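Engineer: Input: one structure, supplied below.
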Amino acid sequence: MKHMRHSKGQGLVEYVLLIGLLVIGTALVLQLSGVRLSDVYCRTARIFSGEDVCAAVKYACEDSFDAGLDGWTKGQGAWQSKNGSACASGVGMIFDKCSADLKPKDYTVQVSGAHLMKGNGYGVFFRTTLNDKGQFNGYTFQYDPGYGGGAFIFRKWVDGRELPPFAVAPAKGYDWYGAPKDVAVSVQGNQFTAYIDGVPVLTASDSSYTQGGTGLRSWDSSQVCVDNFGISIP
């Protein structure tokens, strides 16, 4: 009986090893044939789910600021191009060059390499629309070290005026200076989620504005530079 149990266990191990060798052999054959395993996975997943789960990220707008700020709409302040970055000194607002022609409802606005050298900070506009007088409606996300000792906040803007925050996450003493930050805001329906360096820091819900463009802001005596900007479509 002991011999029989040993034989069954040995047979199972050999079976697993055989399957593993078959998988490795199949992978090698596919590679030699110019077929990538990732492509096989994507095709299989697409067959069973009916969706293209491996579709590349689609950008409605991208800017590395290498060509300056051509096409951007300046709301106020002195945003300018410096060494391939968009930089602001003091109070400033700028709206993306895609806003006039493209106003997607759901998207993620992404800012990378945002470096704050001085002042209280900067913010990201989303779902903004401008009227004939240059006033705008929309939202901003920002970290404000002067709000309650430091907090991540969502604000709503009405006719160019910012209202008190409608969502707040206290973050006293957050390390906001001296190192580049990647900021993203995901806008899906009436749900908003803000990320810093890939970490979610604040979620909120509001249905006042359903579409609109994006942009950047700075306030007080802030000095900030942004390396890259983009809007991705889900």
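Engineer: Having 3 or more residues that are under 25 Å from Gln76 (Cβ atoms) is the bar; report the strands (runs of 3 or more DSSP E) wholly within the stretch 150-224 that clear it.
Structural biologist: Filter on the stretch 150-224 gives 151-158, 181-188, 213-219.
Engineer: So Val199 fits all but one of (1) on the phi > 0 side of the Ramachandran plot; (2) at pLDDT 90 or above; (3) not basic (Lys, Arg); what number is the exception?
Structural biologist: Of (1) on the phi > 0 side of the Ramachandran plot; (2) at pLDDT 90 or above; (3) not basic (Lys, Arg), only one is false for Val199: (1).
Engineer: Ser222: in contact (Cβ under 8 Å) with a residue 12 or more places away in the chain and farther than 18 Å from Val109 by Cα, yes or no?
Structural biologist: When the stated conditions are applied, Ser222 passes them.
Engineer: Also, I was wondering about something else. So which residues in the stretch 117-142 are buried (at least 22 other Cβ atoms within 10 Å of the Cβ) and of a type in the set (A, V, I, L, M, F, W, C)?
Structural biologist: Val124, Phe125, Phe126, Phe136, Phe141
Engineer: Could you check Val199 against (1) over 21 Å from Met93 (Cα atoms); (2) in contact with a strand residue (DSSP E or B) (Cβ under 8 Å, 6 or more places away or on another chain) and say which number it fails?
Structural biologist: For Val199, the exception is condition (2).
Engineer: Another question, then. How many of the residues in the stretch 125-149 are under 21 Å from Asp182 (Cβ atoms) and part of a loop (DSSP other than H, G, I, E, B)?
Structural biologist: 1
Engineer: A further question on this structure: Quick one: in the stretch 64-79, which of the residues that are surrounded by fewer than 16 Cβ atoms within 10 Å (Cβ to Cβ) and free of Cβ contacts under 8 Å to residues at least 40 places away in the same chain is nearest to Glu162 (Cα to Cα)?
Structural biologist: My answer is Gln76.
The values are calculated or read from the model by the stated rules, or taken from the named source; none is laboratory data. Quantities reported herein were computed from a predicted structural model and do not represent experimental measurements. Note that we place each Cβ from the backbone using ideal geometry, even for glycine, and neighbour counts take in every protein chain shown.
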